[in-house]
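Novice: First the structure, then my questions, so here it is.
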Amino acid sequence: MTDKVQGPASYFPSIEKTYGKPVIHWFDLLEGSLDKKHMEQVEWLKSEHGIGHGHANALVGYLRKSKGL
């Protein structure tokens, strides 16, 4: 039996399919703005890269948690 992926990572397959890039691409871009607040990063992904709110929030939330922010 395998555990179902939950939380922000559950969005990753959809993000990769929808935007045609691996999630690591988005994490690399976000690395340069870790000094910004969570919602500032979300808004940046939405306005500059056309990512939907839920997908942007999942990417930012996952990266920030993995960095202990």
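Novice: Being loosely packed, with under 15 Cβ neighbours inside 10 Å and among the hydrophobic types (A, V, I, L, M, F, W, C) is the filter here; which residues of region 58-69 pass it? Quick ask: steps written out before the conclusion?
Specialist: The initial filter retains those residues of region 58-69 that are loosely packed, with under 15 Cβ neighbours inside 10 Å, namely 65-69.
Of everything in region 58-69, just one residue is loosely packed, with under 15 Cβ neighbours inside 10 Å and among the hydrophobic types (A, V, I, L, M, F, W, C), namely Leu69.
Novice: Right, here's the next one. Please identify the pairs in which a residue from region 1-23 that is of a type in the set (S, T, N, Q) has its Cβ atom under 9 Å from the Cβ atom of a residue that is outside any helix (DSSP H, G or I), counting only partners at least 6 apart or on another chain.
Specialist: Ser10/Lys4; Thr18/Ile51; Thr18/Gly52
Novice: Quick one: what pairs do we get from region 39-53, first residue closer than 14 Å to Leu29 by Cα, second among the small types (Gly, Ala, Ser) and surrounded by 11 or more Cβ atoms within 10 Å (Cβ to Cβ), C-beta under 6 Å, 6+ apart or different chains?
Specialist: Matching pairs, first to second residue: Gln41/Ser33; Val42/Ala56; Leu45/Ala56; Lys46/Ala56.
Novice: Give the residues of region 15-57 that are at pLDDT below 95 and surrounded by 13 or more Cβ atoms within 10 Å (Cβ to Cβ), sorted by residue number.
Specialist: Within region 15-57, Ser33 is the sole residue that qualifies.
The values are calculated or read from the model by the stated rules, or taken from the named source; none is laboratory data. Since this is a predicted model, take the numbers as computed values, not measurements. Note that we place each Cβ from the backbone using ideal geometry, even for glycine, and neighbour counts take in every protein chain shown.
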